[in-house]
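Here is the structure we will look at, set down as structure tokens.
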Amino acid sequence: QVQLVESGGGLVQPGESLRLSCTASGNPGSISTMGWYRQAPGKQRELVATITRVGNTNYADSVKGRFTISRDNAKNTVFLHMNSLTPEDTAVYSCNAVRYGYVYWGQGTQVTVSS
């Protein structure tokens, strides 16, 4: 089993930045891909960004150039650096981790962008 705990969410104004963190515990060895997803009210969950163990990244078009995903394998932690936030980025952000074909999810952290 792998437990994921996110942190770093909050309320920010448009144009500001925020950094989310997600740390894996329990049995985090051999985690391959980690990623961030988000779900806004009334909408389906959508991919934000993913990163492989060797650092290959993938981003949703809506966040390219504004968000950066990174990873510290030694600390079993994945980060999401979010710049130039807009109200459309408001959502619950959840991280996930893939280990031997199983997908684990964190509980999510709320990000609200509002003036």
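The values are calculated or read from the model by the stated rules, or taken from the named source; none is laboratory data. The structure displayed is predicted, hence computed values, not measured ones. For the accessible areas, the whole protein counts, side chains as well, though only heavy atoms, and no ligand, DNA or RNA atoms are used. Shrake-Rupley method; radii C 1.70, N 1.55, O 1.52, S 1.80 Å.
Roughly how many percent of the accessible protein surface of the chain is carbon and sulfur, given a 1.4 Å probe and a whole-percent answer?
47
Which of rounded, prolate, oblate describes segment 1-62, given a ≥ b ≥ c as roots of the alpha-carbon gyration tensor eigenvalues and a/c under 1.5 marking rounded, otherwise prolate only if a/b is larger than b/c?
Prolate, because a/c is 1.5 or more and a/b exceeds b/c.
Explain nothing, just compute: Karplus ³J(HN,Hα) = 6.51 cos²θ - 1.76 cosθ + 1.60, θ = phi - 60°, for every residue of segment 29-37 in order, whole Hz, x for Gly and Pro.
Each residue of segment 29-37 in turn: x, 6, 5, 8, 8, 10, x, 10, 10 Hz.
Starting from a Cα-only point model with no solvent, please compute log10 I(q)/I(0) by Debye for segment 51-92 at q = 0.15, 0.25 1/Å.
Results for segment 51-92 at q = 0.15, 0.25 Å⁻¹ read -0.42, -0.93.
Taking only protein heavy atoms into account and a 1.4 Å probe, give the accessible area per residue of segment 27-69 in Å².
57
Once Rh for the chain is found with the Kirkwood sum over Cα pairs, what is the Stokes-Einstein diffusion coefficient at 20 °C and 1.002 mPa s, in µm²/s?
153
Kindly write out, for segment 40-49 in residue order, the coupling ³J(HN,Hα) from the Karplus curve 6.51 cos²θ - 1.76 cosθ + 1.60 (θ = phi - 60°), rounded to whole Hz, with x marking Gly and Pro.
Along segment 40-49, the couplings run 8, x, x, 10, 7, 5, 10, 5, 9, 6 Hz.
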